[in-house]
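Colleague: Could you have a look at this structure, given as structure tokens, before my questions?
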Amino acid sequence: MSAGGGGGGAHEAIPQNNIIAFGVIGGLVGIYAAYFLVDMVGPYMSFLGALGAICGIIWGAAAVRRVANYGLGTGVPSIGMLALGIGVIATTFGLAVGGIAGPVVALVFASLIGLVVGVLANKVLNMGIPIMVQSMIEIAGAGAITIVGLSTSMMGTFVFFDEIANGMIISQGVASGVMTTGYIAVIFIAGGLAILHPFNANLGPDEKQDRTLMLALEKGAIAMIIAGIVASINEGASGSLTILIGLALWYIGFSGFYDRVKRDAYDVVGTGMLPSKEELE
Amino acid sequence: MIDIVGIIADDFLNILMITFGGVLISLGVHLVPVGGAPAAMAQATGVGTGTVQLAAGAGLTGLVTAGFMMNATDSMGLVVASGTVGAMIMIAVTMLVGQWLYVYGVGCPPASAKVKYDPITKDRQDLYVSQGTEGHGIPTASFISGVIGAGLGGLGGSMIYFYLLSIENGLPEADFIGIASIFAIGLFFVNAVIPSYNIGGTIEGFHDPKFKRFPKAVFASLVATFLAAIMGVVAIGGM
């Protein structure tokens, strides 16, 4: 039994190539802007990293939507967990090895693992989904951007190691601030859910691209708010602006999603109050 | 700049053992009775959730028990055994509680639709399968298969963890453990999803005809884990 999907290509109002450009460029610009502006302007600019992560989340959700529409046979959540699983491996490698180029290295190596898994899925496992290879590259890359973006917004930097001078820690890095403390688990689930949930919640014959992506924005905003809460206890980043912008984006995302639900549904009616005990007897 | 070739040459045994761990996880997932959404409605044999969730539950428990043992001893045998048993206990408890729900809650007998007789107890199966379903509950063969599968998964996961932690580097211990754990979790998810695509989301255990497909997923996991293991070892070894 295949869970979800009509077994064919998905109709898309926005071409996938535009969304790829949006995810890659928006994600990297957000991450680098956060990194430089935190140094130049102040810790409260760390919210830009979460905006970059939201670009990655929307890209990932669009890619999941395209590939899962063929019917994976396993349910949509598996592919979101795969994205973040590859993303976390590539991010650890990229940030540890890449230095200032860390996010780009992470993106490139995530895409590389995605390419290998996609080719294996089609050639060895015979899944026979024509866009599998491209989609796996996209999903893995989106997972990496989401992890790097949320980490940057939590720490105010994507530098992996603590900066130490004269035995004193000047600024905390991602390794000790996000990975050792366990916030990476929060990123894993909040980011993974934001990528897998939009299509999982909307799938069906009346699924529309803009409704799914609006839900991705709403889920991304929740991840942003959580990153803001974490940032509020870190010195390098400031949480208040992240939380406020996250709340505003959540409102835009949720009301936009609800408007589209009302547009696509035949009718939306309230159930009213539960009948009282006397009325039931 | 990190001496990438030197690190790979020094830690090649670690890369091989991490890859082997990934292969064990991939094989283990084929043995766990995953029913997916149909099983959640008692319309297919197995536990009513996806491969990834089951594998993650068992694997993460295995990591916790392996990590706890790592705290007490450096002996690889004890660490790996602890991880294996932790994962086995976790999946056994999950299946047992699921079984109670199917028997006492839904009210259906555990029965397999893939075989006529249970390969272990030799009990007749097909008479007890409700019409329109592909079996329900967790029959004995599936239960035992699941415990073996979780054991293999826990063995693989704790081997990945152990061999990541035996790479020489200059990290503070707390950071090292954090990074190795999250890396092992990432590998666990990748190796849980690959076999789940192979089996199409549901499997009953070693008696299911789909089980014969396992060499494909094992090969796919071998390639993917090898690539990821090189990246992990270079990243951690260069720190």
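Colleague: Within the bounds of the stretch B:197-211, is there any residue that is modelled with pLDDT of 85 or more, of a type in the set (Gly, Ala, Ser), buried (at least 24 other Cβ atoms within 10 Å of the Cβ) and touching a Phe, Trp or Tyr at 6+ places or on another chain (Cβ under 9 Å)?
Modeller: Yes, there is a match, as at least one residue in the stretch B:197-211 is modelled with pLDDT of 85 or more, of a type in the set (Gly, Ala, Ser), buried (at least 24 other Cβ atoms within 10 Å of the Cβ) and touching a Phe, Trp or Tyr at 6+ places or on another chain (Cβ under 9 Å).
Colleague: Take the conditions in contact with a Gly (Cβ under 7 Å, 6 or more places away or on another chain), within 7 Å of chain A (Cβ to nearest Cβ) and not in a helix (DSSP H, G or I) and apply them to B:Gly205. Does it pass?
Modeller: No: the conditions fail for B:Gly205.
Colleague: Okay, next question. Would the stretch A:238-261 turn up any residue that is out of contact with any Ser or Thr (no Cβ under 7 Å at 6 or more places or on another chain), crowded, with 21+ Cβ neighbours inside 10 Å, in a helix (DSSP H, G or I) and among the basic types (Lys, Arg)?
Modeller: Scanning the stretch A:238-261 turns up no residue that is out of contact with any Ser or Thr (no Cβ under 7 Å at 6 or more places or on another chain), crowded, with 21+ Cβ neighbours inside 10 Å, in a helix (DSSP H, G or I) and among the basic types (Lys, Arg).
Colleague: Now for a separate question. Take the residues in the stretch B:167-201 that are part of a helix (DSSP H, G or I) and in contact with a His (Cβ under 9 Å, 6 or more places away or on another chain); name whichever of them is farthest from B:Gly62 (Cα to Cα).
Modeller: The residue in question is B:Asn198.
Colleague: State which residue pairs qualify: first residue among the small types (Gly, Ala, Ser) and inside the stretch B:177-201, second residue surrounded by 24 or more Cβ atoms within 10 Å (Cβ to Cβ) and not in a helix (DSSP H, G or I) in any location, beta carbons under 6 Å apart, and separation of 6 or more residues or different chains.
Modeller: Cβ pairs passing all conditions: B:Ser196/A:Thr74; B:Gly201/A:Thr74.
Colleague: State which residue pairs qualify: first residue part of a helix (DSSP H, G or I) and inside the stretch A:20-43, second residue of a type in the set (D, E, K, R) in any location, beta carbons under 7 Å apart, and separation of 6 or more residues or different chains.
Modeller: Final answer for the pair search is A:Ile20/A:Glu138.
Colleague: How many residues are within 11 Å of another protein chain (Cβ to nearest Cβ) and out of contact with any Pro (no Cβ under 9 Å at 6 or more places or on another chain) if we restrict to the stretch A:176-193?
Modeller: Matching residues across the stretch A:176-193 total 11.
Colleague: Hey, among B:Ala217, B:Ala174, which residue is facing another protein chain (nearest Cβ under 10 Å) and either under 14 Å from the mean Cα position of the chain (by Cα) or farther than 26 Å from A:Leu95 by Cβ (or both)?
Modeller: Only one candidate passes the filter, namely B:Ala217.
Colleague: Continuing with this model, one more query. Working only within the stretch B:222-239, note down all residues that are farther than 14 Å from B:Ser166 by Cα and within 7 Å of chain A (Cβ to nearest Cβ). Steps first, answer last, please.
Modeller: Applying the first criterion (farther than 14 Å from B:Ser166 by Cα) to the stretch B:222-239 yields B:222-228, B:230-231.
Across the stretch B:222-239, the qualifying residues are B:Val223, B:Ala224, B:Leu227, B:Ala228, B:Met231.
Colleague: If you don't mind, there's one more thing I want to ask. Taking the residues in the stretch A:116-128 that are within 10 Å of chain B (Cβ to nearest Cβ) and in a loop (DSSP other than H, G, I, E, B) as candidates, determine which candidate is surrounded by the fewest Cβ atoms within 10 Å (Cβ to Cβ).
Modeller: A:Asn126
Colleague: Show me the helices (runs of 4 or more DSSP H) found entirely inside the stretch B:1-62 where at least 1 residues are away from chain A (no Cβ under 12 Å).
Modeller: The helices (runs of 4 or more DSSP H) meeting that bar are B:4-10, B:12-31.
The values are calculated or read from the model by the stated rules, or taken from the named source; none is laboratory data. Just so you know, these numbers come straight off a predicted model, no measurement behind them. Don't worry about glycine lacking a Cβ; one is built from the backbone with ideal geometry, like all the others, and counts go over all protein chains shown.
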